[in-house]
1. Go ahead and collect, in residue order, the members of region A:122-156 whose backbone nitrogen is under 14 Å from a label point 7 Å along the Cα-Cβ direction of A:Arg29.
2. Leaving out ligands, DNA and RNA but keeping every protein chain, what accessible area does B:Lys129 have, in Å² rounded to the nearest 10, with a 1.4 Å probe?
3. Using only protein heavy atoms and a 1.4 Å probe, report how much of B:Cys81 is accessible, in Å² to the nearest 10.
4. Enter the angle in degrees (range 0 to 90, nearest 10) between the Cα long axis of helix A:190-201 and the first principal axis of the Cα atoms of chain A, meaning the one along which they spread out most.
5. Where the centroid of each part is defined by its Cα atoms, how far is region A:180-228 from region A:10-37 in Å?
6. Answer rounded, prolate or oblate for region A:50-122, using the Cα gyration tensor with square roots of eigenvalues a ≥ b ≥ c: rounded when a/c is under 1.5, else prolate when a/b is larger than b/c, else oblate.
7. Identify all aspartates and glutamates with a Cα-Cα distance to B:Lys274 below 13 Å; exclude those on the same chain that are fewer than 8 residues away in sequence.
8. In whole percent, what relative contact order does region B:68-146 give with Cα contacts below 8 Å and a gap of six or more residues?
2 protein chains.
Amino acid sequence: MPTTSKYTWNKIAIVGVGLIGGSIGLALRKRRLAKEIVGIGRRAASLATAKRVGSITASSTNLAKGVADADLVVICTPVDCIVEQVQLVASAAPGALITDVGSTKANIVAGLDRTIRFIGSHPITGNEKRGPQHAAADLFVNRTVIITPSDDSRPGDVRQLKKLWSSLGAKVVSMSADEHDRVVAGISHLPHLLASAIAAATPDRYVTLSAGGWQDTTRIAAGDPALWRQILLANRDHLLTALDQFDERLAAFRSAVERQDAVALEQLLTAAKKIRDAVTP
Amino acid sequence: MPTTSKYTWNKIAIVGVGLIGGSIGLALRKRRLAKEIVGIGRRAASLATAKRVGSITASSTNLAKGVADADLVVICTPVDCIVEQVQLVASAAPGALITDVGSTKANIVAGLDRTIRFIGSHPITGNEKRGPQHAAADLFVNRTVIITPSDDSRPGDVRQLKKLWSSLGAKVVSMSADEHDRVVAGISHLPHLLASAIAAATPDRYVTLSAGGWQDTTRIAAGDPALWRQILLANRDHLLTALDQFDERLAAFRSAVERQDAVALEQLLTAAKKIRDAVTP
């Protein structure tokens, strides 16, 4: 067995070993970045799967025991549980830097005492699969991870968190929790709400006639309703602001169609295409 | 050279040899369904490409000459040009059954004399590529093609048109031109308008942070603005009706978010997921 000094971290604990948590473990192990990777969860079956696919080196159903003596704890549970779990981890592992992978940030920061050593993370992977069996060591390669340090964050902790994600292959972007929530409202939460509304507005008997267009546009509506309900409500204010901005844009498209204004409509479509063409595919 | 009797059609003319027209030619040739396949277009370069990739056996920049003596003529030009071209073809090839591949139908039927031997077709391929160089012989395999016969259509012509598309591997669905336009407003034109509005509402600097969710939802916004402007305006009334229905659905989602009604929001997301899950992937 290699000695501790070969590793960047001695012990990392992952709370919640689903797709994201499991992939973090697998990526850490593949790159030999942590000597011990403890998976913590309520369901023994998920922990067994995570161990079987090689995401973790040990597991526990007891949060306090599992995180004890960890250098770094990554909370990978649904957004509604994160604040409570950060608090529990902070008591059980006072020496650990704590991060999460939740889709919203300001609500977490607001719920935590400023003395807690927590810095939020959000890996933007765009993968709707779930469960430890889908864990992939390359899930974060070339993906963006937003981290949200505050004025209270220690510079060394910010460096450590950047190192974690960049070691897994991600591009790390740093911004405030509030700015993060505004950004993801636009690029993730609003598209999810709209994709769901488009699917919901489509009569059943039309769906079988649909092709790539409808199917691409509504793909994320297949996401887990319970999970997304939490995310959308956790980011309510920014989501509603983004929805207002969308409504304004949509009103311009509607007006051009109503007025049969071919010039205006083509200009609107061209401006939209220009923004979409900035990314591939 | 094989004798004529080996072929289902002696001569098929394709007006407009882009992705769809070129693919029809390629699919016909691969299956040895027509002895002669004449491509007609304004640009010699496109015709040369279509010939090079094997989509057509002959070409002409003269519509009347190109379609003379054809058994079947397929118009594959943008929707704004279809009515005029059907009329020209009907004069130049009085013995031919004429069809098209346009995305709207009622406006075409309304523009044509009822004595003209035209039955509309709409292959729903969901492919945003353009140009004869992208022609693919299997473009229609397992795709839906909607045909829109009217009360004036001859039963033999309807059978011939069904045979054309089913020979190319497509599933053929028959409905009225008006019903067609109502369906495609929901599954194609509204999603296009909304995908464009979502892209247009996204600040440039957020786009580089986007992942699969935003990118799937806005993919079709990359389509050709000039082409889509025509399609959206050609189906204006049904599109606005579909937009009203979407607005109603969206208002329910917005209200649930505003009221922070977790139960209602999860129900809405679940209903949307159920509709989306009816198709794969």
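The values are calculated or read from the model by the stated rules, or taken from the named source; none is laboratory data. Quick caveat, the model's predicted, so the values are computed rather than measured. We place every Cβ from the backbone using ideal geometry, glycine too, and count neighbours over all the protein chains shown. What goes into the accessible areas is simple: the full protein's heavy atoms, side chains included, and nothing from ligands, DNA or RNA. Shrake-Rupley method; radii C 1.70, N 1.55, O 1.52, S 1.80 Å.
1. So the set is A:132-138.
2. We get 120 Å² for B:Lys129.
3. Counting only protein heavy atoms, B:Cys81 exposes about 50 Å² to solvent.
4. 50 degrees
5. Using only Cα atoms, the two centres lie 31 Å from each other.
6. Because a/c hits 1.5 or more and a/b fails to exceed b/c, region A:50-122 counts as oblate.
7. Candidates past the 8-residue exclusion: A:Asp204, A:Asp224, B:Glu266.
8. Relative contact order comes out at 27 percent.
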